[in-house]
Amino acid sequence: MRTLLLICEDITLSENIIQKMGSEYTIWHVSRQRDAMAWLDKHHPESIVMDLDLLGHGASTILDKVREASSENYTMAIGICKSPEPLPPLLVQRLDQLIMHHAI
């Protein structure tokens, strides 16, 4: 069974990355917080990759929705950020992994 992955990023990932991930993941790609929230109404991903520059404070709202959906299934939350601005410490603490200065 393939892992369900939600990617909240405004830049379309390269075909090479998608091809490599495609055999292991069922990927849903959204570019807006409201689309992520609507998708999360019906799905519970095993992993979520969030562009923190794009989502800003909306990332916390998405994490709240993911965490409240089911206490039985854990979702790994990965934040990516290239902004030099400091991130809110409470947001950083809620992420499983933070990738700074990413380039896709």
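Tabulated data for the structure shown
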{"item": "Of residues in region 66-100 being basic (Lys, Arg) and exposed (fewer than 14 other Cβ atoms within 10 Å of the Cβ), the one farthest from residue 42 (Cα to Cα)", "result": "82"}
{"item": "Flag if residue 63 is at pLDDT 90 or above, of a type outside the set (D, E, K, R) and surrounded by fewer than 13 Cβ atoms within 10 Å (Cβ to Cβ)", "result": "no"}
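The values are calculated or read from the model by the stated rules, or taken from the named source; none is laboratory data. Here the structure is a predicted model, which means the values were calculated and not measured. Heads up, the Cβs are rebuilt from the backbone with ideal geometry, glycines too, and the neighbour counts pull from every protein chain shown.
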